Amino acid sequence: MAAPLIQPTRHGLYCAAGDFHIDPWRPVPRALITHAHADHARPGSEAYWSLRDGLGLMRRRLGGRACLNTVDEGERLQFGPVSVSFHPAGHVLGSAQIRVEHEGAVWVASGDYKRDPDPTCAPFEPVACDTFITEATFALPVYRWPAVETVAADIHQWWHNNAANGRTTVLFSYALGKAQRLMAALPAPHPGPIYLHGAVAPLTQDYRDAGIELPPTHRVSEAPGDEDYGRALVIAPPSAAGSTWMRRFRQPALGFASGWMRIRGNRRRRGYDRGFVISDHVDWPGLLQTIEDTGAREILTTHGRADELVRYLGERGLDARPLATLYGDAGEDD
Ligand SMILES: [Zn+2]
Ligand SMILES: [Zn+2]
C-alpha cells in the first residue's frame, strides 16, 4: 500500500510528495492555509498560500511582513509532482478546502466548513475525492441548525424589545466570521445603532475592504464616555463578558450566538439571557451529506467529535479514522 499523501507530523499535516504543510501548528517552509482562524493560520512560516478573498484577514493574523501568496478559486498550483487547488469552504471570508492530487490519488483537506447560506463568503463547493479530511466540531445528531433567517428574526425581535425598555442589547459572538454574518443577516430597519467591540471592528473593516456589504457600525472605543446605548446593539467577543468593559452599559441584556446554544443548559450555565443557535460549522445532516457528495471512500476526522464520527461512519461501512491535529483548540469560531 502506498504511503498516505498527507499525514500528521510534529509540525502539522504534511504532504511529503509536494513538500508542503496544510494549516501547520509550527513554523514550516511552505504553509497552505484554509482560513484565518487562529488554530489554522499561525504566524512564523516562511511562505503562505491562501485564497485571495481572505488576504486582509490573513495579513492581520500572520503579520504585515509575512510572505503571502494569493490563489484564485480553482487555480492549479504545482508543488513538484503534486497538483494543488483551493475551493470555497463556506466557513468565513476566504475560507478554502485544499485539493491535493498526486499520481491519480485525490485528497481534500476541508478545514472548517458549513453548508448553510452566508452572504459574507463564497458557498461551499463539493469536491470529488478519494480521501476527505473533515472537521467534526458538531458531529452528533443533536446538532441541527435552524434556518438563519429565523434566528436573525429572533435576534431582531429581542433587540427591538430591549430597545423599547432602554436596555442595551449585547450580543456575544466570535469576532471573525460570526459577527459579520450576524450583521449581514439582521433584517432592516434596525431598532438602533450597531456598536462594535475593539476585537470585532478591525475584522469587520477587512470584510468591507474585501467588498462584503455590511450595515453601518460605530466603535465603542470612539464613543463619548457618556454615550447612551439604550437602543444600541453591541457586538462583542465572549471574552468581554463579565469584564470591566461591560460597565458602561446600563442593565444590558446579554445574548450569545453559537452552535453550542443548541444544547439546553449551556445558556444558563454561562449566564446569558438568550442563546441563539447559529454556527459557521457544518451541522450533523450537512456533514453526512457532504461526505456523500465527495464520494470519498476514506474519511479522516479532526476537531472535537472526531472519534464519535469515526465510529458512526465505520458502522456504515466507510473507512474512517481520526487524524491527530491541534485544530479546534482556539475556541473562537463555533
Ligand atoms: Zn474556523
Ligand atoms: Zn478549526
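The values are calculated or read from the model by the stated rules, or taken from the named source; none is laboratory data. Computed from a predicted model, the values in this text were never measured in an experiment. Ideal geometry is used to build each Cβ from the backbone, glycine not excepted, and the neighbour counts take in all protein chains shown. All accessible areas refer to the heavy atoms of the entire protein, side chains included, with ligands and DNA or RNA removed. Shrake-Rupley method; radii C 1.70, N 1.55, O 1.52, S 1.80 Å.
Remarks
- Across the range 33-186, the mean sequence separation of Cα contacts (distance under 8 Å, 6 or more residues apart), normalised by length, yields a relative contact order of 17 percent.
- Rounded D (µm²/s) - the chain, Kirkwood Rh over Cα pairs, Stokes-Einstein at 37 °C, 0.692 mPa s: 159
- Taking 0.36 nm per residue of sequence separation and removing the Cα-Cα distance, the Glu73/Gln7 pair yields an extension gain of 21.3 nm.
- Base-10 log of normalised Debye intensity for the range 233-312 (one unit scatterer per alpha-carbon) at q = 0.21, 0.22 Å⁻¹: -1.01, -1.07
- Label-to-label distance, nm, for residues given as Ala147 and Glu103 (7 Å Cα→Cβ offset): 5.0
- Between Ala188 and Ala241, the contour length at 0.36 nm per residue exceeds the alpha carbon distance by 16.4 nm.
- Beta bridge orientation in the chain: antiparallel %, DSSP, nearest 5: 35
- Among the trypsin sites (Lys or Arg not before Pro) in the range 127-211, those located in a DSSP loop and surrounded by at most 16 other Cβ atoms within 10 Å of their own Cβ are Arg144.
- Nonpolar atom fraction for the range 73-117, defined as the carbon and sulfur part of the 1.4 Å probe accessible area, stands at 47 percent.
- Estimated at the nearest 10 Å², the accessible area of Glu292 is 140 Å² with a 1.4 Å probe.
- Taking every alpha-carbon pair under 8 Å whose residues sit at least 6 apart, the chain reaches a relative contact order of 17 percent.
- Per residue accessible area in Å² of the chain, where ligands, DNA and RNA are left out and the probe is 1.4 Å: 43
- Put simply, the amide H of Ala232, placed in the peptide plane, has neighbours under 5 Å in Thr169, leaving out anything fewer than 5 places away on its chain.
- Label-to-label distance for Arg250 and Asp307 is 5.2 nm, based on points extended 7 Å past Cα in the beta-carbon direction.
- Extended-chain gain in nm, criterion 0.36 nm per residue less alpha-carbon gap, Asp273 and Asp130: 46.9 nm
- For the chain, the 222 nm mean residue ellipticity estimated from helices alone, with every DSSP H stretch of n ≥ 4 adding -39500 (n - 2.57) and the total spread over all residues, rounds to -6000 deg cm²/dmol.
- Nitroxide proxy distance, nm - points 7 Å out along Cα→Cβ at Glu292 and Asp209: 4.2
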